[in-house]
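> Here it is, the structure in full.
The values are calculated or read from the model by the stated rules, or taken from the named source; none is laboratory data. These figures come from a predicted structure and were not determined experimentally. Cβ atoms come from the backbone with ideal geometry, glycine included; neighbour counts cover every protein chain shown. To get the accessible areas, we keep the full protein, side chains included, count just its heavy atoms, and leave off ligands, DNA and RNA. Shrake-Rupley method; radii C 1.70, N 1.55, O 1.52, S 1.80 Å.
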Amino acid sequence: MGKRRAGRELLRSLSKKQKKHLREFGEEHPFYDKVFACCFIGCYCCCCLHLCFSFQSEDSDKSSAESDSETEVEQVSGYHKLLATLKTSPESESEEEEDESESEEAEESEAEMDSEGSQETGEGEGGEEDKNDVPEEEEDTAEQMLSQEQADGTDTSCDPRHGVIEEFTDVKHESEFSLETNFMEEESGDCNADRKDSNPFKQHMDKELEEKEIEKMSTLPKTSSQSQWPRLGQLIFSSTLEKHKTLKADKEVDVKQLHLHKPLESTWPKVNKQFLSAVDKPIDSSFTPLQRELFCIMNSYRDLFYPERNALTNGEEIRHTYCLHALNHVLKANAQVLSNNAKRRDRKPGTDTDDHRDQGLTRPKVLMIVPFRECALRIVHILISLLEVNDKKKIDVSNKKRFKGEFGSDPEEKPPNLKRPEDYEAVFAGNIDDHFRIGVAILQKSMRLYAPFYSSDIIIASPLGIRTVIGAEGEKKRDFDFLSSIEILIIDQADIYLMQNWEHVLHLMKHINLLPLDSHGVDFSRVRMLNLNNWSRYYRQTLLFSALQDPQINSVFNKHCFNYIGQVAIRNMPLTGSISHVVVQLPHVFRRLEADSITSVIDARFQFFIDKVLPEYRDAIMSHTLIYVPSYFDYVRLRNYFKKEDLNFTHICEYTKKAAVCRARRFFLKGEKQFLLFTERFHFYKRYTIKGIRNLIFYELPTYSHFYSEICNMLKATDSGVDATWTCTVLYSKYDAQKLAAVVGIDRTAQMLQSKKNVHLFVTGEN
């Protein structure tokens, strides 16, 4: 019994392709040899983190124990055991039949959905091949399987199907890129390296804080002031320390006055030329208006929160700007170390000086957090372009071919005729694997990719990739010492992490700039006093970019950023809101719920929904009701309540299999199911158009404001001539002010928050 049980457990973990190969050849295809070695890592991303990890680890321990005992007795190949089980076990045969029938049912459902759909712009409905499809389907492409695993938070970096067999680090070029054993080349020196009065880098890093100032920053609240800039709009400057001047926007920028490192002065205008062509008569020849104001803040080493990043319009402009700032910082820091190496070499024997404190406790200086491998690929390309003075002087990049293979994407993998909104295409372009990390070392005219973290200057990683290195308390193999001396933290596209797992970002912020547990071979005579005093967090600059303002993102900026110079946050309120983009004639009813605190609003919303809202929709007349639920935990709570009350409903979430999604959509379209529970994360990763909606309930306002108009406009997908019966109900509280303003505009938000009555709005078409 033990052998058969172990065989069944292993059999269930195989895909249909693997089972077929097993039957035909008697062994598993070598392409999948190392799949099982790292399957547990993805559990970090699940909503029920500890529960999922405990279940999987318990099962893996059990199966490994059984397999070990069998190997000792018989010494039989695991593949042959599986083959024997496959041929003899009736249960396994029934499992295969169930898989095949489920696949056939999905295909039939998709065909039926296609035949019933009337006129839907740019989408093939359920039968469409999508790059985010669930990986259970046999014909799914590698990118399709990758996307769903990314949505579920599973680890794909060690899966051979995604181009990475195991984590690779370059140990061959250690001496070539060592800061301790190299010296500054005269032609690559920084002409401003020793000018402390005009160099922002020197001013920031050489500032010696006193203990009184540190205590003041830890205890006293921040004081703030406002300023209006031409391009960024309203800025909020905040700082704890007194006598800080309000920064003013530069109307004109001369590259030579920005104190850029020598090669960047000539390469930046060439690299940034693509954005300048779209600007009418730019004031200067090297920056767009947005880049000029952003770099002005970055170069002052203040923390920055910019919540208006748009993947379609300004995303690449912003990426180029922070890459310029990060590379400029690294080149200046390394130039200072190499210059001091030469001074120490040439000093007289026996002289000991304390003037050459120019390093942190560990080498990594810049940490870039980005959501997908494609983002890391673009960043590295920008860094290379900024270092190459001209086509003749190419820099030496180690492991460049391997990097392109693992971080690039195959254009043929994208399914044909796949049409989604433009913002979706921009966000999910290229390789969208969300589990990665890579170290980059830069030394004068050379770049080393896949450098070990403790030999890297820049670390580029995803939240999941950095979380699996940091680990959790109690784990034997964990490491976060390399985060001890991070001087610039860049978190780009922070809104996407809300759709992945925000807990990873919080976990990172708790482990950054802590004293290392090991010395890692550092020369303490070269370590800055700020690092030895454990004051690194007060010197760290944090650059936070997002497509929206959200309380969780605001919390990170307000509670985890301690820069002694201060913080700058852009706070522009929308005037109209996304409701102006609703193109169907639809009455919108905004129903306010009361809650004593932000922690009690979750229970208050649930109680308000089941007591006040749901009874109005129980009647059969109110069929075809879609309930949009942003939070997965709220979705589970509602699903359990609907099951308990025996309501006629179906549900779709980011973990629903493709066949079940097709069935749910079909049942809802035909009216066989009165309610459809629909999660925001599913819409984020899929962007399906749900047909048959007559009544909409927003259980909570969407995280992305444009999702509101997208969901409302789905009503036009079904031409049934019952426009007058369409309804839209939205639940909100006083704690949803930011989301509410993004939907209805700032003026209406102020009125709605002052009044405790329900608000009725009627949209007659696109404004």
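> When you count, for each residue, the other Cβ atoms within 10 Å and take the mean per peptide, how do 626-634, 693-701 rank with the highest first?
Packing proxy ranking, top to bottom: 693-701, 626-634.
> Nearest 20 debye, what's the magnitude of the dipole of region 578-764 about its Cα centre given +1 on Lys and Arg Cβ and -1 on Asp and Glu Cβ?
560 debye
> On to the next question. Tell me, how many Å apart are the Cα centres for region 433-494 and for region 628-690?
If you average the Cα positions of each part, the centres end up 38 Å apart.
> Ranked from highest to lowest mean number of other Cβ atoms within 10 Å per residue, what is the order of the peptides 472-483, 520-531, 304-315?
So the order, starting with the most tightly packed, is 304-315, 520-531, 472-483.
> Now for a different question. Report the label-to-label distance for Glu616 and Glu425 in nanometres (one decimal), using points 7 Å from each Cα along the Cα→Cβ vector.
3.9 nm
> Also: Sorting check: for 201-207, 649-655, which peptide has the highest mean count of neighbouring beta carbons within 10 Å, and how do the rest follow?
The peptides rank, most packed first, as 649-655, 201-207.
> Probe 1.4 Å, all protein chains in place: accessible area of Thr468 in Å², nearest 10?
Using a 1.4 Å probe on the heavy atoms, I get roughly 30 Å².
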